[in-house]
Amino acid sequence: MNRVVITGMGAITPLGNTVDAFWNSLKNGENGIAPITKFDASETGISVAAEVKDFEPALYMDRKEYKRMDLYSQYAVAASVQAVADAGVEVDKIDATRFGVIIGSGIGGLNEMESGIIKMENKGPKRVPPMFVPMTIGNMAAGNTSIKIGAKGTSLDIVTACASATNSIGEAYRNIKHGYSDAIVAGGAEGTICKIGIAGFAALTALSESTDPDRASIPFDKERNGFVMGEGAGVLLLESLEHAQKRGANILAEVVGYGTNSDAYHMTAPSVDGSGAGEAMKMAMKEAGIDASEVDYINAHGTSTPANDSSETKAIKYALGEDNAKNVAISSSKSMTGHLLGAAGGIESIACVKALMEDFVPPTRGLQVADEACDLDYIPNVGRAKEVRYTLNNSLGFGGHNAVLCFKKWEEA
């Protein structure tokens, strides 16, 4: 079995369009949530979202390329180009047939779906854009990334709603661990801040109707009332340890465990007792070969919905036991980034890796009102220095999908 390490990362987020900008804002508890500017949201009843700001696709691809991509694909390619550069991978010097891409998206090209359908309704089916299908289908984040970086190995789109990126990283880890690939760019991308995206989730009563960006995404707070839509992409470049060392790569952290399963309970609600996510956490720890007492930090799914945050609290207690659960540091990045749906696990995995690298755990922003159903250490408002050797990243998706990754501080032995 191969050890699997992380050698590069890339991020396009509501807190900044590089890994460093994202992480520094996250550490400092800055808010990426603001009034919606991408369209007139007044009729949706939703007024805030976590939009990506000042994104320049021309930094990563030429105009002809990005004009043939929906926004979610542009985000994926941009983050992947960053990760490859960060890792120092020169594709002409490795076996490109063993270099893969696994990038998931919960929804795919929703902006182009919306505009194409409107055009068809207003002007007739003959006016649907010729690139409508290649711009909207969910595999094209992976497809466009493979084309851009020259990765000729496995190329997959894993769709497990809000667990998509975490499952993508986990499946990449297993693929390399068992020797099928040498290196894989893995993560998620999403671009759903458009009228149908906001209206659809609003109709499900999943979104916060708060007009105050500081009280809209407040995971684990008793006053939480729904999630805030986010967008962007987060990817990791995973390699076998042997492949990374052979080319003299700078190793950032190690992937040591992965758990994935299904609640088999409800389309949108998590299992009430937390056993589904709890078992996934146990699976990740078992593969990592660690005891629950060794987990130093958990980046929680923490969506700011009433059902998720209380059941995830139960899941953490289920997996770690009451005493260990009380002692572990936990936070939700979504308090600052909103919920990136299928891309959430990508940027949250980056947060876990940076926590390991810097021995610092980011806060849960806006946590003010204690909830008796959420009674663990959620690092309220201010991040803290803490020795971190093992982290877990939790992602839970509609349909009952649970995915958990375990990351370890890089140690050669």
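Residue 180 - would you say it is more than 18 Å from the chain's Cα centre (by Cα) and modelled with pLDDT of 95 or more? I'd like the intermediate steps shown before the answer.
Working: more than 18 Å from the chain's Cα centre (by Cα): yes; modelled with pLDDT of 95 or more: yes.
Considered against the rule, which asks whether it is more than 18 Å from the chain's Cα centre (by Cα) and modelled with pLDDT of 95 or more, residue 180 comes out as yes.
Mind listing whichever residues of segment 270-287 are in contact (Cβ under 8 Å) with a residue 60 or more places away in the chain and open to solvent by less than 20 Å² (accessible area, probe 1.4 Å)? Steps first, please.
At the first step, the residues of segment 270-287 found to be in contact (Cβ under 8 Å) with a residue 60 or more places away in the chain are 270-271, 276-277, 279-281, 283-285, 287.
Within segment 270-287, 271, 276, 277, 280, 281, 284, 285 meet the criteria.
Taking the options 65, 114, 51, name whichever one is touching a residue at least 24 places away in the same chain (Cβ under 8 Å), farther than 24 Å from residue 167 by Cβ and in contact with an Asp or Glu (Cβ under 9 Å, 6 or more places away or on another chain). Let's see the steps before the verdict.
Numbers: 65 fails: in contact with an Asp or Glu (Cβ under 9 Å, 6 or more places away or on another chain); 114 fails: in contact with an Asp or Glu (Cβ under 9 Å, 6 or more places away or on another chain).
Criteria check complete, one pass: 51.
Pick from 317, 334, 282: which is closer than 18 Å to residue 52 by Cα and out of contact with any strand residue (DSSP E or B) (no Cβ under 6 Å at 6 or more places or on another chain)?
On the way: 317 fails: closer than 18 Å to residue 52 by Cα; 282 fails: closer than 18 Å to residue 52 by Cα.
Criteria check complete, one pass: 334.
Can you name every residue in segment 350-376 that is within 10 Å of residue 220 (Cα to Cα) and among the acidic types (Asp, Glu)?
Matches in segment 350-376: 371, 372, 375.
One line per residue, one yes/no per condition, for (1) open to solvent by less than 10 Å² (accessible area, probe 1.4 Å); (2) farther than 21 Å from residue 270 by Cβ:
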site	(1), (2)
310	no, no
314	no, no
327	no, yes
341	yes, no
355	yes, yes
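Filter segment 288-318 down to the residues that are in a loop (DSSP other than H, G, I, E, B) and in contact with a helix residue (DSSP H, G or I) (Cβ under 7 Å, 6 or more places away or on another chain), then identify the one that is farthest from residue 225 (Cα to Cα).
The qualifying residue farthest from residue 225 (Cα to Cα) is 295.
For segment 1-59, give me each residue that is within 20 Å of the chain's Cα centre (by Cα), among the small types (Gly, Ala, Ser) and over 19 Å from residue 217 (Cα atoms).
Once the filter is applied, which keeps residues that are within 20 Å of the chain's Cα centre (by Cα), among the small types (Gly, Ala, Ser) and over 19 Å from residue 217 (Cα atoms), segment 1-59 yields 8, 10, 11, 21.
For every residue, the table says whether it meets (1) touching a Lys or Arg at 6+ places or on another chain (Cβ under 8 Å); (2) farther than 30 Å from residue 93 by Cα; (3) among the hydrophobic types (A, V, I, L, M, F, W, C).
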| residue | (1), (2), (3) |
| --- | --- |
| 170 | no, no, no |
| 174 | no, no, no |
| 178 | no, no, no |
| 187 | no, no, no |
| 190 | no, yes, no |
| 196 | no, yes, yes |
| 201 | no, yes, yes |
| 210 | no, yes, no |
| 235 | no, no, yes |
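Can you list the helices (runs of 4 or more DSSP H) lying wholly within segment 1-117 that have 3 or more residues being aliphatic (A, V, I, L, M) and open to solvent by 10 Å² or more (accessible area, probe 1.4 Å)? Explain how you work it out, then say what you get.
Numbers: elements: 19-27, 63-66, 71-87.
It comes to 71-87.
Residue-wise test of (1) more than 21 Å from the chain's Cα centre (by Cα); (2) modelled with pLDDT of 95 or more; (3) surrounded by fewer than 24 Cβ atoms within 10 Å (Cβ to Cβ).
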{"position": "191", "(1), (2), (3)": "no, yes, no"}
{"position": "203", "(1), (2), (3)": "yes, yes, yes"}
{"position": "216", "(1), (2), (3)": "no, yes, no"}
{"position": "243", "(1), (2), (3)": "yes, yes, yes"}
{"position": "249", "(1), (2), (3)": "yes, yes, yes"}
{"position": "255", "(1), (2), (3)": "no, yes, no"}
{"position": "259", "(1), (2), (3)": "no, yes, no"}
{"position": "268", "(1), (2), (3)": "no, no, yes"}
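I'd like to check something: does segment 228-241 contain any residue that is closer than 20 Å to residue 51 by Cα and either in contact with a His (Cβ under 6 Å, 6 or more places away or on another chain) or surrounded by fewer than 24 Cβ atoms within 10 Å (Cβ to Cβ) (or both)? Working first, answer last.
Going through segment 228-241, the residues closer than 20 Å to residue 51 by Cα turn out to be 228-235.
Keeping just the survivors that are either in contact with a His (Cβ under 6 Å, 6 or more places away or on another chain) or surrounded by fewer than 24 Cβ atoms within 10 Å (Cβ to Cβ) (or both) gives 230.
Looking for residues that are closer than 20 Å to residue 51 by Cα and either in contact with a His (Cβ under 6 Å, 6 or more places away or on another chain) or surrounded by fewer than 24 Cβ atoms within 10 Å (Cβ to Cβ) (or both), one finds at least one in segment 228-241, hence yes.
Go through the residues of segment 123-137 one by one and say whether even a single one is among the hydrophobic types (A, V, I, L, M, F, W, C), assigned to a helix (DSSP H, G or I) and open to solvent by less than 30 Å² (accessible area, probe 1.4 Å). It would help to see each step written out before you state the result.
So in segment 123-137, the residues among the hydrophobic types (A, V, I, L, M, F, W, C) come out as 128, 131-133, 135, 137.
Retained after the next criterion (residues that are assigned to a helix (DSSP H, G or I)): 132-133, 135.
Add one more test, that the residue is open to solvent by less than 30 Å² (accessible area, probe 1.4 Å), and what stays is 135.
Yes: one or more hits.
Would you check if residue 309 is closer than 22 Å to residue 371 by Cβ and among the acidic types (Asp, Glu)? Talk me through it step by step, then tell me what you get.
Values: closer than 22 Å to residue 371 by Cβ: yes; among the acidic types (Asp, Glu): yes.
Yes.
When you go through (1) farther than 14 Å from residue 72 by Cα; (2) in contact (Cβ under 8 Å) with a residue 12 or more places away in the chain one by one for residue 191, which number turns out not to apply?
It fails just one condition, (1).
List pairs: first in segment 256-269 and part of a strand (DSSP E or B), second open to solvent by 30 Å² or more (accessible area, probe 1.4 Å) and of a type in the set (Asp, Glu), Cβ under 6 Å, 6+ apart or cross-chain?
Short answer, once both residue conditions are applied: 257/287; 261/279.
Which members of segment 149-196 meet the condition of being part of a loop (DSSP other than H, G, I, E, B), out of contact with any Asp or Glu (no Cβ under 8 Å at 6 or more places or on another chain) and charged (D, E, K, R)?
152, 157
Taking segment 381-413 on its own, how many of its residues are open to solvent by less than 10 Å² (accessible area, probe 1.4 Å) and assigned to a loop (DSSP other than H, G, I, E, B)?
Number of matching residues: 2.
List every residue pair whose Cβ atoms lie under 7 Å apart, where the two residues are 6 or more positions apart in sequence or sit on different chains, the first residue falls within segment 80-97 and is free of Cβ contacts under 8 Å to residues at least 60 places away in the same chain, and the second residue, located anywhere, is open to solvent by less than 80 Å² (accessible area, probe 1.4 Å).
96/150; 96/151; 97/153
The values are calculated or read from the model by the stated rules, or taken from the named source; none is laboratory data. This structure is a prediction, so every number in the text was calculated from the model and none was measured. Glycine gets a Cβ as well: all are built from the backbone with ideal geometry, and neighbour counts include every protein chain shown. These area figures cover heavy atoms from the full protein model, side chains too; ligands, DNA and RNA do not enter into them. Shrake-Rupley method; radii C 1.70, N 1.55, O 1.52, S 1.80 Å.
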